[in-house]
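Worksheet: the structure to be examined is printed underneath.
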Amino acid sequence: MSDPLIVILFATAVTAGTPLLYAALGEIFTERSGVLNLGVEGMMLVGAVVGYIATLQSQNHWIGVFAAMAAGGLMALIHAVLSITLRANQVVSGLALTIFGTGLSSYMGKSFVGQPVPDQFKPIDIPVLSQLPYIGKIFFSHDALVYLSFVIVAAAWVFIFYTRWGLNLRAVGENPAAADSMGIPVYLTRYSSVIIGGVLAGVGGAYLSLAYAPSWIEHMTAGRGWIAVALVIFAVWHPGKALVGSYIFGGVDSLGFRIQALGEKASFLKDISPFFLQMFPYILTMIVLILITAETKKRRVGTPASLGIPYDREER
Amino acid sequence: MAGLLAVKGRALTIEKRGDISKAAMILNPILSVALALLVGGTFLVLTGHDPLEIYSTMLKGAFGSAYGLSETVVKAIPLLLSGLAVSVAFRMQLWNIGAEGQLYFGAIAATWVALFHADGSRIIVLSMMVGAAFVAGGLWAMIAAIPRAFFKVNETITTLMLNYVAILYSNYLIYGPWKDPEGYNFPLTAIFPESAVLPVLGTSRIHFGLFFGLAAALILYVALWHTKWGYEIRVIGESPVAARYAGMNIVKNILIVMFISGGLAGIAGMAEVSGISQRLQPGLSPGYGYTAIIVAWLARLNPFTMLGVSFIFGGLLVGGYTMQTSGLPAALVSMLQGAILFFVLGGEIFTKYRLVLTGGDRKEV
């Protein structure tokens with residue numbers, strides 16, 4: 001029995017969207033605390049290569065994921081020190097992180113290029129749920145990291161909107177001076193949020209090298225870190241909407257390959273150059289970003305009020 | 001504020017200075033490069049290499065011979081032009097990180113002139129190429145600038161996305177319609193006619209693009225510091241609210257600045273195809289547009305300081321190639337670049353603040 005094409009398409013959208021989802025969830029935490037981290041691309045790349053190398057050494061993909069988390073967190077710590085304690089320009093600091101991470105990942109991965117992953121993530125059908133028509137194949141026939149991302153989306157949703165910590169996090173992002181006078185530790189909140197952002201970006205990277213590809217290829221994120229930053233705006237800083245957005249972009253990403261495959265049969269598709277198909281996710285990101293920004297500007301919602309502004313107690 | 005470190009009633013804190021420290025401003029980039037080399041060196045030791053040997057190889061490769069020096073200048077040209085490009089935008093708090101894509105579009109436009117409209121004298125063809133590259137780079141930047149000016153759409157993301165699109169488009173042309181029919185199916189355009197090739201200095205590869213860079217630095221300096229328009233740009237950059245109250249047209253200036261920014265990066269692309277490769281081919285730029293961001297920031301957006309900084313970073317690139325021939329990945333260079341920028345950013349606080357030891361008798365550290 002083979003599944004209808006549309007079901008396969010949706011299922012691949014989930015797989016392709018998962019690295020974006022992890023990175024976007026991380027960036028939501030970071031930005032909710034008022035810090036902008038444009039280093040997602042760099043953190044993902046380092047997560048990808050470290051997760052890959054750790055899996056090669058340990059023969060265990062979970063050790064790879066933990067190593068990627070640690071690496072992503074350490075990368076984010078650099079950004080935290082620069083932007084929170086040393087009050088550096090957050091845009092430039094994030095760019096520096098991406099440039100550094102790109103170099104670091106290529107340097108580390110150089111001698112491993114082309115080696116297969118000994119213990120890659122494999123799909124596990126969830127009993128009962130995977131038997132559901134359509135839904136089962138689309139959502140419940142994936143690997144463990146996909147299921148973990150569902151859990152994290154739910155946890156982040158509850159944490160941000162229904163716990164005291166989440167309230168504090170949002171307060172720090174909106175008005176750090178007021179939060180500070182309420183006794184909320186502004187610096188600690190920001191540090192931990194930025195590091196959580198790095199940890200999740202690291203997992204997103206590891207998903208690429210351990211489940212999606214699965215291997216290490218130089219610059220393998222191919223702009224996904226930036227698309228994740230755009231997704232956060234698309235999701236108006238909401239974990240649930242980030243999930244939807246990630247799958248849409250994941251779908252577009254994998255659609256490119258599908259159209260190429262279909263081109264064999266449909267002659268009108270054959271005339272589209274593969275280069276144009278590859279442009280599609282980037283162009284879509286821009287179009288969506290423009291539409292969403294124009295729309296949210298009208299409704300005046302979204303952006304944490306203190307995003308990108310360092311907090312200085314003396315300037316209260 | 002809370003102390004950074006607190007021991008026995010004494011605390012190390014950061015205190016705002018009344019003025020901006022000149023000494024810290026000059027020391028910061030120098031110390032940053034030194035510290036980045038130290039970090040890179042530690043990394044090299046950890047991966048089983050001898051940092052002193054590698055750094056001296058890099059230094060000799062970049063500055064140790066006439067050939068090395070000329071190659072360093074060759075790499076400094078696109079860095080200078082694209083560094084100037086991003087600095088104009090940065091001055092207005094426009095985070096144009098699309099210099100890479102704008103460079104590619106400049107190169108594409110210049111190639112279009114060289115391949116299909118190169119009838120005329122050398123000076124006419126070259127001028128047309130520069131003009132086309134400026135307009136193409138500027139228009140490519142407009143795709144991000146217009147939404148930024150009218151809807152405040154985040155230009156960091158849009159300019160970056162446009163980089164990927166530009167490189168893919170350039171590849172499409174090279175592998176598709178512009179492929180040299182006599183090129184044995186290699187992904188290259190036909191070689192440019194003589195009239196479309198920039199003259200070089202003596203027997204070196206240093207081409208006339210150097211003068212584009214120098215002229216651009218001079219023009220930008222005059223425009224930014226000695227015209228009313230430049231004054232407006234600087235006010236908008238420092239305080240958009242004040243600028244709006246003073247009746248300055250922010251939307252118009254965003255568009256103008258981004259056009260100039262993209263245009264300058266476009267000229268960098270023109271100089272590369274016309275002066276170096278003499279055809280459009282894949283991998284035209286090894287990330288000049290990204291390195292330009294570091295160059296611009298290190299030069300504190302100052303056009304003249306940028307001459308020196310782009311020379312040093314040109315050397316870093318050439319040193320990287322030399323190192324690569326001895327088997328080390330050239331990615332070390334982008335690690336070093338990123339690390340330099342970290343330290344510069346981290347050190348900036350000491351131009352505006354100073355470390356103070358409180359709680360004891362001693363005051364300054």
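Please treat every number below as a calculation from the coordinates, not as lab data. Note that the coordinates shown come from a computational prediction; the quantities given were computed from them, not determined experimentally. Ideal geometry is used to build each Cβ from the backbone, glycine not excepted, and the neighbour counts take in all protein chains shown.
Quick look at the numbers
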{"read-out": "Principal semi-axes in Å for segment A:5-315 [√(5λ), Cα gyration tensor, largest first]", "value": "32, 22, 20"}
{"read-out": "222 nm mean residue ellipticity, helices alone, for chain A (DSSP H n ≥ 4; -39,500 (n - 2.57); rounded to 500)", "value": "-22500 deg cm²/dmol"}
{"read-out": "Length released on extending from B:THR325 to B:VAL356, taking residue separation times 0.36 nm less the Cα-Cα span", "value": "6.4 nm"}
{"read-out": "Structure-based [θ]222 nm, chain B - -39500 (n - 2.57) summed over DSSP H runs of at least 4, per residue, nearest 500", "value": "-22500 deg cm²/dmol"}
{"read-out": "Using a Förster distance of 56 Å, the FRET efficiency for A:TYR147-B:SER121 (Cβ separation, nearest 0.05)", "value": "0.25"}
{"read-out": "Segment A:ILE283-A:GLU218, extension gain: residue separation times 0.36 nm, minus the distance between their alpha carbons", "value": "21.1 nm"}
{"read-out": "Normalised contact order of chain B, rounded percent, pairs of Cα under 8 Å and 6 or more residues apart", "value": "36 percent"}
{"read-out": "Spatially proximal aspartates and glutamates relative to A:LYS137 (Cα-Cα < 14 Å; intrachain offsets below 8 disregarded)", "value": "A:ASP3, A:ASP125"}
{"read-out": "Inter-label distance for B:SER204 and A:TYR134, nm, one decimal - labels placed 7 Å from Cα along Cα-to-Cβ", "value": "6.8 nm"}
{"read-out": "Amide H partners (placed H, <5 Å) of A:HIS142, local residues excluded", "value": "A:ILE124, A:ILE126"}
{"read-out": "Cross-link partners of B:LYS16 among aspartates and glutamates (Cα-Cα below 13 Å; sequence separation of 8 or more within a chain)", "value": "A:ASP312, A:GLU314, A:GLU315, B:GLU348, B:GLU364"}
{"read-out": "Cα centre as origin, Lys/Arg/Asp/Glu Cβ charges: chain B dipole, Debye", "value": "1180 debye"}
{"read-out": "Among B:VAL39, A:GLY302, B:PRO282 - extreme Cα towards positive end, dipole of the protein assembly as shown, charges at beta-carbon", "value": "A:GLY302"}
{"read-out": "Phi to ³J(HN,Hα) by Karplus 6.51 cos²θ - 1.76 cosθ + 1.60 over segment B:37-47, Hz, x for Gly, Pro", "value": "5, 5, 4, x, x, 4, 4, 5, 4, 4, 9"}
{"read-out": "Leading residue at positive end of dipole, the protein assembly as shown (Cβ point charges), from A:ALA222, B:LEU173, B:PRO303", "value": "B:PRO303"}
{"read-out": "Under the Karplus curve 6.51 cos²θ - 1.76 cosθ + 1.60, θ = phi - 60°, whole-Hz ³J(HN,Hα) for segment B:170-185, x wherever Gly or Pro sits", "value": "4, 5, 4, 5, 5, 7, x, x, 9, 5, 5, x, 9, x, 6, 6"}
{"read-out": "In sequence order, calculated HN-Hα J values of segment B:76-88 (Karplus, 6.51, -1.76, 1.60; Hz; x Gly/Pro)", "value": "5, 4, x, 5, 5, 4, 7, x, 4, 4, 5, 5, 4"}
{"read-out": "Shape call, the protein assembly as shown: gyration tensor on alpha carbons, a/c limit 1.5", "value": "rounded"}
{"read-out": "Two-site FRET efficiency, B:VAL241 against B:LYS22, from Cβ-Cβ distance with R₀ of 35 Å, rounded to 0.05", "value": "0.75"}
{"read-out": "Cβ crowding within 10 Å averaged over residues, with A:121-131, A:54-64, A:13-23, B:75-85 ranked highest first", "value": "B:75-85, A:13-23, A:54-64, A:121-131"}
{"read-out": "Among B:GLU232, B:GLU100, B:GLU155: highest mean-square fluctuation, GNM of chain B, C-alpha pairs under 10 Å", "value": "B:GLU232"}
{"read-out": "Max mean-square fluctuation residue, GNM over chain B, Cα-Cα springs under 10 Å, options B:VAL73, B:VAL318, B:VAL333", "value": "B:VAL333"}
{"read-out": "Gain on full stretching of the segment that runs from A:LEU188 to A:GLN115 - 0.36 nm per residue minus C-alpha separation", "value": "22.2 nm"}
